[in-house]
Each structure stands twice: as structure tokens, then as C-alpha cells.
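Single-structure report; data block below.
The values are calculated or read from the model by the stated rules, or taken from the named source; none is laboratory data. Note that this is a predicted model, so its numbers are computed, not measured. Please note: Cβ atoms are built from the backbone with ideal geometry, for glycine as well, and neighbour counts cover all protein chains shown.
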Amino acid sequence: MSDHYYSKKPQSKSNPKTQDYQLLGRTYRLTTDTGVFSKNQIDYGTRLLIESFKSPSINGKLLDLGCGYGPLGVAIADHFPERKIVLVDINERAISLAQKNIDQNNIKNAEVILSDGLLQIRNYQFAAILTNPPIRAGKKVVYQMFEDSKDALYKGGELWIVIQKKQGAPSAKNKLEELFQSVDIVTRKKGYYIIRAIKG
């Protein structure tokens, strides 16, 4: 099997690097490595999702679904200290990096869990789920994430996704409209869509 960022155990030789990033007006020290998504920089879609996200009106935890090395979870946890943030990924290397990045940025309200999608956190419920879904894993995997996210949200909870138009944003929006009571495009920039779906 070839090595993907959504592989459970990346086979690529580890070569970690640490650098500073600006997110939401603050500086974060993040360590990345081979075998994880967007290892050289925080990708534009993730940045746009971080910048666009608004805390939901209902109480409850937030979930960074498919967290990678954790830039979204770190920034959101730091920005919303009153919320508990859960970061999950199937990739073991990503999970250890996310934990390292939580620790080295002194984030106290975040928990990192190894999970295949939402399988290992079935007993959790969330006020909001944020995801930059693994488009290369295929539509079936991504749409299953949407369905599982709906089940994991409280009533009134929100699923926030980022997806490029060329990677199927319109069809993803259609799928979300089948599942959720309310779906809107929050931001559209450089071909990226930030879509919010609210559970009725």
C-alpha cells in the first residue's frame, strides 16, 4: 500500500521540523514531519477554516476531525479557552505530533485521541466539528465522515468543512443538505469553500 497522510502507520522516514506560524494574530510553535498532511506549511484551506470559524451558540466540546499535526486544534483551543477541544486522526505519527504541539504551546483544554474517523470516540457528543476532509481518500470516506459527524453532534450542533470547488464542493454541499437542516457557505475564497451545516 502506498503511503498517504491518512495511513495508520506512515512508512516514510521520520524527519521532523519545528517552526513558528501566525494564526488568529498569535504565534504558535508547531512541529511537522513526513507522512502527515501538508507537512511543509499550514495549507490554505486549513487557515481559512481557522479564520472563518465562529463558536456555536450551544455548549459542548469541539472536535478537530482528521487533525493531522494539530494546527487547527491548537489555534481553536487557544482561541476558545472555555471550550474543551478533542483532536482525532487515524495517523499515529500525526497524533503524536498533535500531542507534542498541544504541549509545546501550553494548551490546557485539548485532548488528542487516535481514532479512525469517529469510531473510537462514539461515546462523545459535540457542539461543533471542524474538518478539512481527506479528499484523496475518496467520496465514500468523506461522506461517511459527514454522516458520522451528524450522529456525533448535539441538536443545534454545527459541522464546519473546507473543500475546494474543483474537489467537489458543490456535490459535498448537496450531500450535507440531505443530512442537515441548514447548510450555508460561510466563506468562498481562492476556490475554497467554508461550508457550515447545522443539525436540526
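Inside the range 101-112, can you point out the residues that are in contact with a helix residue (DSSP H, G or I) (Cβ under 8 Å, 6 or more places away or on another chain) and assigned to a loop (DSSP other than H, G, I, E, B)? Answer for the range 101-112, where residues must be in contact with a helix residue (DSSP H, G or I) (Cβ under 8 Å, 6 or more places away or on another chain) and assigned to a loop (DSSP other than H, G, I, E, B): 105, 107, 109.
Within the range 101-129, if we keep just the residues that are buried (at least 19 other Cβ atoms within 10 Å of the Cβ), among the aliphatic types (A, V, I, L, M) and more than 18 Å from residue 60 (Cβ to Cβ), the residue that is farthest from the chain's Cα centre (by Cα) turns out to be 107. Residues that are touching a residue at least 24 places away in the same chain (Cβ under 8 Å), acidic (Asp, Glu) and in contact with a Ser or Thr (Cβ under 7 Å, 6 or more places away or on another chain) within the range 18-73 comprise just one, 33.
If I go through the range 123-142 residue by residue, how many of them are over 22 Å from residue 68 (Cβ atoms) and either without any contact (Cβ under 8 Å) to a residue 60 or more places away in the chain or hydroxyl-bearing (Ser, Thr, Tyr) (or both)?
The number of residues fulfilling the criteria is 1.
So residue 141 passes all but one of these: (1) exposed (fewer than 15 other Cβ atoms within 10 Å of the Cβ); (2) at pLDDT 95 or above; (3) under 15 Å from the mean Cα position of the chain (by Cα). Which condition number does it fail? The one condition residue 141 does not meet is (2). Being closer than 24 Å to residue 57 by Cα and surrounded by fewer than 16 Cβ atoms within 10 Å (Cβ to Cβ) holds for only one residue in 165, 155, and it is 155.
In the range 113-142, how many are closer than 18 Å to residue 46 by Cα, outside any helix (DSSP H, G or I) and of a type in the set (A, V, I, L, M, F, W, C)? Residues that pass the stated criteria total 3. Only one of the numbered conditions (1) closer than 21 Å to residue 197 by Cβ; (2) crowded, with 23+ Cβ neighbours inside 10 Å is not met by residue 56, and that is (2). Consider the range 71-100 and keep the residues that are at pLDDT below 95 and in a helix (DSSP H, G or I). The one that is surrounded by the fewest Cβ atoms within 10 Å (Cβ to Cβ) is 92.
Among the numbered conditions (1) out of contact with any Leu (no Cβ under 7 Å at 6 or more places or on another chain); (2) buried (at least 16 other Cβ atoms within 10 Å of the Cβ); (3) closer than 16 Å to residue 127 by Cβ, the only one that residue 30 does not meet is (3). Please indicate, with yes or no, whether at least one residue in the range 143-156 is free of Cβ contacts under 8 Å to residues at least 40 places away in the same chain, small (Gly, Ala, Ser) and not in a strand (DSSP E or B). No, the range 143-156 contains no residue that is free of Cβ contacts under 8 Å to residues at least 40 places away in the same chain, small (Gly, Ala, Ser) and not in a strand (DSSP E or B).
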